[in-house]
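Computed from the coordinates by the stated procedures, all read-outs in this text should not be read as laboratory data. Quantities reported herein were computed from a predicted structural model and do not represent experimental measurements.
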Amino acid sequence: MARRYEHSQEEIKAMVMHAANQIIVEQGGAALNVRKIAMDIGYTVGSIYMVFENMADLVLHVNAETLDEIADVLNTVATGSTSRDLEEIAKAYLMFAHLNFNRWSMLFGNRFVDSGHFPDWYRTKSARLGEIIAKQIARLHPENNSQQNQRIGNALWGGVHGVCLLSINGKPDKESLQEAEETLRALVWAFVGGER
């Protein structure tokens, strides 16, 4: 076992986050537990609880990293066409979910976090994804106020997420992914009504 003084609390926190992510990626969220993390980093369970309040706190921090990564991926989309951007954002989200299925699925229903009790900092990170869509909707509909565009963006985002949720369960084949992409394209075009 490593000794507490060998690493700062920030270093231990980073080690715990890395180990938790590795377990989620390799074995899925069901395999995540504090004893396994402690063994992986060479510290005691108590050391983990010095840097995280409980498993729910740890999972929220791990999920927050995933949300940041998704937002970064979605923010790289820039085709010069708003409707095309929305389509590419939807496809990028689908591909992230496909390539990072275990991490992505931890965002939506896990045994550690009561979804009704997210802290404000986490809600802010989660809201970033919808804001990316709302920003595109505002480009399409400058006549709308921000609340209207947010509402439209939330509806589209819910549809995109729903298609991904229904299309991906572990490792879908190439045909399933292509079908999901076509469904996303149809969804986006139903919202935007063609090129603008």
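Under 28 Å Cα-Cα from Lys91, which lysines qualify once same-chain neighbours fewer than 8 residues away are excluded? Straight-distance partners of Lys91: Lys125, Lys135, Lys171, Lys174. Structural descriptor for the chain: relative contact order 22 percent, calculated from alpha carbon pairs under 8 angstrom and at least 6 residues apart.
Each Cα pair under 8 Å and six or more residues apart adds its sequence gap; the mean of these over the residue count of the range 29-127 is a relative contact order of 33 percent.
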